[in-house]
Amino acid sequence: MQTPAPVEYAKATSIADAISRLEALGEDSRPVAGGYSLIPMMKLRLARPETVVDLNGIAELRGIRVEGNELVVGAMTTHADVLSSAILFEHYPIFREAEHVIADPIVRMRGTIGGSMCQADPASDLSAVGSALRGNAVITGSSGSRTVPLREFHDGPYETVVQTGEILTELRYPIRPGAGSAYEKVERRAGDWGVCTSGVFVVVSGGVITDCGIGMAAVNADHYCAPEAEALLMGKAPTEENLAAAAAAAANEANPIADQRGPADYKRHLASELTLRALRRAVAASQGA
Amino acid sequence: MQVSVNINGVEHSRDIEPRTLLVHFIRDDLQMRGTHWGCDTSNCGACTVWVDGAPVKSCTMLAVQAEGAEVTTVEGLVKDGALDPIQEGFTECHGLQCGYCTPGMMMTGRWLVDQNPNITREEIREGISGNICRCTGYKNILDAIEYARDHANSEVSA
């Protein structure tokens, strides 16, 4: 039987209330969002907060909207709401494709995008998506909000730049007219963490790639991204040869380790193959846009 | 910590440790054993209940988080002594062997049918992907949920 260690519980009523509680309680407190990451960690005693501050009552943290040229997703927006969002799908089908292979429909009803980002699992699908899209995190503390690029959000496995007394409040993704996007994942069984995943966006204009982003999860790529592969594509025609060269470069930016999900060379092969498949589909979508 | 939860229309108040998981609150504190406790890792879905109408894996939620909420467990499916269509479906279609996954399957199945009265077999397959059965190979479970879809004439309040 797995039970968390003794813990105190507080339910926050607003962002300001959550922050003031977390600041007062200090580093032994943790905010809890959907709970499908933190509570298992507490049951395994890998996390032992003295107090959990529940964010589930804070309506202002939920919702998806367009603001200027950005898509804004509240940190407490559930996976199910991201999956079914017409706004996100219109601009970036990658969200629907990634969410469709995250956990299972019940977990997606309560699990949140912000919780997933802050868990910072090396296999986090949404971290790969966020890095591919070069999104930003809005982190709020008692002295105000700061914006951090998602490619600088993680400090390593299970570590983020969110400090004690701060919470992640929003995720922001730049809208890119004409972009195509796609997500590819190989998993051992439905809903599992990926053996390897790759998510990309591409903008093709005038016969060449004018913008792109490549994200990968579960293969230990720095900040879940492949900037050298992206550089290879910029200004190039989206030919199969060029896409394959970029996919191979992305695999070289992965540093997979062998574990129960597979040997390292297999994962590196997947990084190349899945990136190529995602690039092909994103290019086709951009050219059709 | 004092917690009050409405379960199947009845208010239950208890003084519990905040670390108490909802599944243990239901099974141990309230002695309602219809909800099963399976993998303990939010994978198997045996512990699925509804919290304010939405399915939740109750092994991965603190009972104190359900304060003020309306929880429905498998015991809440029966109305005035009459089985819910999902329960009829599992009976008519032999939707179980050992029965361990059954409460969770029924809570998920009924919710799926409520969400989409025209749900397809393929959509049901995906919908129960968070509920694991180690006996049946799922065919009869799919039949049972389809039965509930086709006989969803009685009302269940979420």
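Please treat every number below as a calculation from the coordinates, not as lab data. Just so it is clear, the structure is predicted and the values come from calculations on it, not from any experiment. All Cβ positions, glycine included, derive from the backbone under ideal geometry; neighbour counts span all protein chains shown.
Observations on the model:
- The largest-to-smallest principal axis extents of the Cα set in chain A are 57, 44, 31 Å.
- Rounded to the nearest Hz, the phi-derived 3J(HN,Hα) couplings of segment B:67-72 under the Karplus curve 6.51 cos²θ - 1.76 cosθ + 1.60 (θ = phi - 60°) are 3, x, 8, 9, 9, 10, where x marks glycine and proline.
- Coupling constants for segment B:47-58 follow from the phi torsions by the Karplus curve (6.51 cos²θ - 1.76 cosθ + 1.60, θ = phi - 60°), and in residue order they are 8, 5, 10, 9, 10, 6, x, 10, x, 9, 7, 6 Hz; glycine and proline get x.
- Within the protein assembly as shown: Cβ-based charge dipole about Cα centre, in debye rounded to nearest 20 (Lys, Arg +1; Asp, Glu -1): 680
- Within chain B, the longest run free of exposed loop sites, counting trypsin sites (Lys or Arg not before Pro) that sit outside DSSP helix and strand states (H, G, I, E, B) and have at most 15 other Cβ atoms within 10 Å, spans B:34-133.
- Amide H contacts of B:Arg19 (H built 1.01 Å from N, under 5 Å, at least 5 apart or other chain): A:Val7
- Once you reduce segment B:83-158 and segment A:156-223 to the center of their Cα atoms, the two points are 35 Å from each other.
- Under a 5 Å amide H cut-off, with hydrogens placed 1.01 Å from N, A:Leu71 pairs with A:Tyr173, A:Ile175 among residues at least 5 apart or on other chains.
- Oblate is the label for segment B:79-158, because a/c, from the alpha-carbon gyration tensor with a ≥ b ≥ c as root eigenvalues, is 1.5 or above and a/b does not exceed b/c.
- Based on alpha-carbon atoms, the Kirkwood radius and the radius of gyration of segment B:59-102 give Rg/Rh equal to 1.09.
- Close amide H contacts of A:Ile209 (hydrogens built in the peptide plane, cut-off under 5 Å, sequence separation of 5 or more or a different chain): A:Gly235, A:Lys236, A:Ala237.
- Across the cross-link table entries A:Lys11/B:Lys79; A:Lys11/A:Lys185; A:Lys43/B:Lys139; A:Lys11/B:Lys57; A:Lys11/A:Lys43; A:Lys267/B:Lys139, which are compared at the Cα atoms, the separations over 30 Å belong to A:Lys11/B:Lys79; A:Lys11/A:Lys185; A:Lys43/B:Lys139; A:Lys267/B:Lys139.
- Size check on segment B:2-76: the Cα extents along the three principal axes, sorted descending, read 29, 24, 20 Å.
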